[in-house]
Amino acid sequence: MLEAGMKAPDFTLKDKDGNEITLSAFAGKKVVLYFYPRDNTPGCTKQACAFAGAYEGFRQKDVIVIGVSKDSQASHRKFAEKYNLPFLLASDPELAAIQAYDVWKEKKLYGKASMGVVRTTYIIDENGIIEKVYPKVKPDTNAAEILEYLNQTA
């Protein structure tokens with residue numbers, strides 16, 4: 001697991017519209033980078049809608065929010081349209097960023113082990129350094145928890 005104080009791995013991924021998103025392009029701004037398992041699943045939908053509901057608070061602080069999963073650009077587009085998601089969704093089908101951020105792990109569901117994304121959120125500072133890590137986050141409280149942290153450190 002990456003830790004606070006470490007340099008955040010740079011990445012280049014496509015957003016829902018096929019535009020390239022590069023972490024280093026946001027130098028000078030704080031970035032909330034959250035990794036989630038899959039579009040349109042109950043937990044991921046809760047988490048995305050919570051970020052959408054809190055988005056104005058992030059925008060006021062000039063914080064960039066990027067959600068990353070291995071879903072396709074088309075899946076992200078439908079997900080964003082269905083739930084009116086105002087932030088960036090990055091598609092990582094090759095698991096480049098997912099593995100660089102060490103969130104591809106063995107998970108157990110109903111006694112079966114499989115590999116998947118462990119829901120994790122990183123706050124990356126203006127210099128590209130990981131400021132805070134939220135491992136194994138709760139989908140419905142993650143956005144509020146991060147906004148609260150950002151309000152305390154402002």
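The values are calculated or read from the model by the stated rules, or taken from the named source; none is laboratory data. Here the structure is a predicted model, which is why all the values come from computation and not from measurement. Every residue, glycine among them, receives a Cβ derived from its backbone with ideal geometry; neighbour counts consider all protein chains shown. Heavy atoms of the whole protein, side chains included, go into the accessibility calculation; ligands, DNA and RNA do not. Shrake-Rupley method; radii C 1.70, N 1.55, O 1.52, S 1.80 Å.
Within region 41-56, residues that are within 13 Å of R119 (Cα to Cα) and open to solvent by less than 30 Å² (accessible area, probe 1.4 Å) sit with their Cβ atoms under 9 Å from residues that are of a type in the set (F, W, Y) and in a helix (DSSP H, G or I), at 6+ positions apart or across chains, in these pairs: C44/F79; T45/F79; T45/Y83; A48/F79; A48/Y83. Residue-level analysis places Y83 outside the set of residues that are touching a strand residue (DSSP E or B) at 6+ places or on another chain (Cβ under 7 Å), in contact (Cβ under 8 Å) with a residue 24 or more places away in the chain and aromatic (F, W, Y). Of the residues making up region 93-111, those that are surrounded by fewer than 21 Cβ atoms within 10 Å (Cβ to Cβ) and in contact with a Ser or Thr (Cβ under 9 Å, 6 or more places away or on another chain) are P93, A96, D102, E106, K107, K108.
Report those strands (runs of 3 or more DSSP E) wholly inside region 1-93 carrying at least 3 residues which are under 25 Å from N151 (Cβ atoms).
Details: elements: 12-15, 20-22, 30-35, 63-69, 88-91.
Counting at least 3 such residues, we get 30-35, 63-69.
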